[in-house]
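What follows is a short report on a single structure.
The values are calculated or read from the model by the stated rules, or taken from the named source; none is laboratory data. In this text the structure is predicted, and so the values were computed from the model without any measurement. Don't worry about glycine lacking a Cβ; one is built from the backbone with ideal geometry, like all the others, and counts go over all protein chains shown. In case anyone asks, the SASA skips ligands and DNA or RNA and just uses the protein heavy atoms, side chains included. Shrake-Rupley method; radii C 1.70, N 1.55, O 1.52, S 1.80 Å.
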Amino acid sequence: MPQPWPATDIARSILEGFDDYREHFRQITDGARARFEQAQWLEAQAASAARINLYEEKVFETVARLRQAFEAEALMEVGCWPLVKSAYISLIDLRFDDELSETWYNSIFCGLFSHDLISDGTMFIHTTRPSLRRARAAQTRTYKPQGQLDRMLASVFADYRFSEDYADLPGDLQRLEAQLRENLPDWVCKDPELTVELFSSVLYRNKGAYLVGRIYTRDDQWPLVIPLLHREGRGIQIDALITDEAQVSIIFSFTRSYFMVDVPVPAEFIGFLKRILPGKHVAELYTSIGFYKHGKSEFYRALINHLANTDDRFIMAPGVRGMVMSVFTLPGFNTVFKIIKDRFSPSKNVDRATVIEKYRLVKSVDRVGRMADTQEFADFRFPLGKFEPACLEELLDVAPSTVSVEGDTVLIRHCWTERRMTPLNLYLENANAAQVREALEDYGLAIKQLAAANIFPGDMLLKNFGVTRHGRVVFYDYDEICFLTEANFRHIPQPRTPEDEMASEPWYSIGPLDVFPEEFPPFLFADAGQRKLFDQLHGELYNADYWKGLQEAIRAGKVIDVFPYRRKGC
């Protein structure tokens, strides 16, 4: 008598793998509080990288366990997987992280089967959750000042305590009250219905902790973020009070590392964030708290919905063509798609494997608000009619091993997605004098802050940086990045003879990791005026000793402060 096909057992085994992943994710996340209290900054960086790597590790383990537990002819019978999906739905319906468990299921399916077997019958291309989810409330704390802001703030920080004392709580509260009155209209502070709502869990990232919530009245609302710092040996300091939506959006930017925060009901916390940051897509919000794989799912769903409901067609992205990557975009969708060319420019001393390694490295390091996050995809399939002919022709020409046409479908075998920005070189071409100065100031700060995070961009040309909608300069071309401590910064040696000085080629040896900052000015700026201005703003970047000093600090274990918000008086 034939055995029944083990759909429920397979579904249960997949969910057990998810529970194992979630438990390890929770353990790493829960340690963030102690790392903040004990000022364990290097450990915080290591934990962030470990949590990012955890997902793929646990997917690999679960796939291996499934292959060991079930006969291949049963497990790999793709026609029966709609039964697994149905059984899985019944198992996750009562969960508080049900949307994340759908994405996990998809990852396991893709770990077992080739991507040409993907369908909505076998996996969750479209979520089943919205129609099934019960109403749940995000866990928040509510405070009503009723005209007494000082008492309200005191109540907040009586609730948010740490093992380390606040360094100067009375002074901090007085300063916060003044900032709150400065940030909000006078009548709001007197409104008897004024309410402050804060998420009950503290968010941690790098060297900071954050209280996140909103301030609202019957008719108005403002986001609210209160960053906290732990100054070793001096206790915890309340650093700022931020109610500007643009500044809060930057704190949750796609250029930042992921927060660590305890979220018992992820969807409700995302809904809470979406209420205070309506301009953020839910994909970016999920990613910002470490659920980057589910963020990838939400991004993909938004993309296929956009393609299905608009006449938008892919075009080549504006800007100078890359020597390693080819970049295309959808005009109405704020994303670029990057593929590796089959042949690189002769000046590029890298190969395909190295480029992939560099892009994956960016995922696990502290991006300090200066590197765009990426999502890696395999086997994207798009309708042929969604490509402008010139775009498809160029992609097929430069990357035929990655891009192919199969009937009425374009197959992209491997690509990365990034937020679309205005290339800095194009931005400067159309900027007025004040905008040029501001952009070059931020360009130099971006280089310095990346260096502080132990990242050397390598190729620092203007075309490799973009300008965000908030006017911030962000690096986005990663094929030459390395850790700052790997580079060998040198002064150009003095010529030994007049012939050395006149020689067209260097008279000194140059190693593969040697960098000569004195050569930066003509390399970075064709425009003499921009070159002179940048020298005034950030001339120290042309001195090898500046870079060596940063290397010494990093090797000594110092984690340099980089703040994702404007600080009063700084």
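How about the stretch 68-102: which GluC sites (Glu not before Pro) there are in a DSSP loop, with at most 16 other Cβ atoms within 10 Å of their Cβ?
On the way: sites: Glu71, Glu73, Glu77, Glu99, Glu102; in loops: Glu71, Glu77.
Passing sites in the stretch 68-102 are Glu71, Glu77.
Please give the net charge around Leu117, taking every other residue with its beta carbon less than 14 angstrom from that of Leu117, where Lys and Arg add +1 and Asp and Glu add -1. Each step should come with its number before you reach the end.
On the way: positive: Lys85, Arg381; negative: Glu77, Asp116, Asp120, Asp379.
So the surrounding residues net to -2.
Using a Förster distance of 35 Å, how high is the FRET efficiency between Ser155 and Ala302, based on the Cβ-Cβ distance and rounded to 0.05?
Working: r = 40 Å, r/R0 = 1.13.
With R0 = 35 Å, the Cβ-Cβ based efficiency is 0.30.
Within the chain, which complete DSSP H helices have Cα atoms spanning at least 30 Å along the helix axis and a mean Kyte-Doolittle hydropathy of -0.5 or higher?
On the way: long enough: 7-30 (34 Å, -0.78); 41-69 (41 Å, -0.20).
Correct list, ordered by number: 41-69.
Could you work out how far the C-alpha centroid of the stretch 177-232 sits from that of the stretch 473-515, in angstrom?
Spelled out, the Cα-based centre of one part sits 48 Å from the other.
What GluC sites (Glu not before Pro) does the stretch 176-255 have in DSSP loop regions with at most 13 other beta carbons within 10 Å?
Hits after loop and neighbour filter: Glu193, Glu232.
Per DSSP helix of 4 or more residues, -39500 (n - 2.57); summed, then divided by the residues of the chain. What does that give at 222 nm, rounded to the nearest 500?
Numbers: 21 runs with 246 residues, N = 570.
When only DSSP H runs of four or more count, the value is -13500 deg cm²/dmol.
Would you mind getting me the FRET efficiency between Leu513 and Ala431? Use the beta-carbon distance for r and R0 = 45 Å, nearest 0.05.
Working: r = 34 Å, r/R0 = 0.76.
In this case the efficiency is close to 0.85.
Using Cα-only point scatterers and the Debye equation, what is log10 of I(q)/I(0) for the stretch 422-570 at each q in 0.20 Å⁻¹, rounded to two decimals?
Taken in order of the listed q values, log10 I(q)/I(0) reads -1.37.
Along the Cα→Cβ direction, 7 angstrom out, place labels at Cys482 and Ala74. What is the inter-label distance in nm?
Here the answer is 5.3 nm between the modelled labels.
Cβ under 9 Å from Glu284's Cβ, Glu284 left aside: what net charge do those residues give with Lys, Arg +1 and Asp, Glu -1?
Residues near Glu284 contribute 0 overall.
Each label point is 7 Å from the Cα along the Cα-to-Cβ direction; what then is the distance between the points at Arg381 and Ser90, in nm?
3.0 nm
For the stretch 398-477, which trypsin sites (Lys or Arg not before Pro) pass both filters: DSSP loop (anything but H, G, I, E, B) and at most 15 other C-beta atoms within 10 Å?
Here the sparse-neighbourhood loop sites are Arg469.
Using packing as a proxy for protection, rank 147-155, 81-89 so that the peptide with the highest average count of other Cβ atoms within 10 Å comes first. Don't skip to the end; give the middle numbers.
On the way: 147-155: 15.9, 81-89: 19.7.
Result, highest mean Cβ count within 10 Å first: 81-89, 147-155.
Can you pick out the pairs among Lys58/Lys463; Lys207/Lys280; Lys280/Lys358; Lys85/Lys274 whose Cα atoms lie more than 31 Å from each other?
Over 31 Å apart, Cα to Cα: Lys58/Lys463.
Applying 1/(1 + (r/R0)^6) with R0 = 35 Å to the Cβ-Cβ distance of Leu361 and Arg234, what FRET efficiency is obtained, to the nearest 0.05? All intermediate terms of the calculation are to be shown ahead of the outcome.
Working: r = 34 Å, r/R0 = 0.98.
After rounding to 0.05, the efficiency reads 0.55.
If you average the C-alpha positions of the stretch 56-80 and of the stretch 252-291 separately, how far apart do those two centres end up, in angstrom?
Cα centres, the stretch 56-80 to the stretch 252-291: 31 Å.
Could you sort the peptides 50-59, 199-208 by per-residue average Cβ neighbour count (10 Å cutoff), highest mean leading? Working shown, then result.
On the way: 50-59: 16.5, 199-208: 21.0.
Top of the packing list down: 199-208, 50-59.
Using a 1.4 angstrom probe on the protein heavy atoms only, line up Arg313, Arg22, Arg567 by accessible area, largest first. Could you put the intermediate results ahead of the total?
On the way: Arg313 80, Arg22 15, Arg567 50 Å².
My answer, sorted largest first, is Arg313, Arg567, Arg22.
Grab the Cα-Cα distance for Glu552 and Lys274, subtract it from 0.36 nm times how many residues apart they are, and report the gain in nm with one decimal.
Length gained, Glu552 through Lys274: 95.9 nm.
What length, rounded to one decimal in nm, is gained on full extension from Glu193 through to Phe162, with 0.36 nm per residue of separation minus their alpha-carbon distance?
Details: separation 31, 0.36 × 31 = 11.16 nm, distance 2.99 nm.
Additional length available on full extension: 8.2 nm.
Run the accessible area of the chain with a 1.4 Å probe and give the carbon-and-sulfur part as a rounded percent.
Numbers: 12990 of 25510 Å².
Reported share for carbon and sulfur atoms: 51 percent.
For Asp9 paired with His491, estimate the spin-label separation in nm (one decimal), with each label point 7 Å from Cα along the Cα-to-Cβ line.
About 7.3 nm separates the two model spin labels.
Expressed as cubic angstrom per residue, what is the convex hull volume of the alpha carbon set of the chain? List each step's numbers first, then the result.
Values: hull volume 107.2 nm³, N = 570.
Enclosed volume per residue, from the Cα hull, is 188 Å³.
Whole number in Å², please: accessible area per residue of the chain, 1.4 Å probe, ligands, DNA and RNA not counted.
Values: 25510 Å² over 570 residues.
The answer is 45 Å² per residue.
Could you work out the Kirkwood radius for the stretch 47-147, taking every pair of different alpha carbons, averaging 1/r and inverting it, reported in Å? Write out the running numbers ahead of the final one.
Values: mean 1/r = 0.0625 Å⁻¹.
Hydrodynamic radius (Kirkwood, Cα pairs) of the stretch 47-147 is 16.0 Å.
What figure, in Å² to the nearest 10, do you get for the accessible area of Thr217 with a 1.4 Å probe and non-protein molecules left out?
For Thr217, the solvent-accessible surface is approximately 10 Å².
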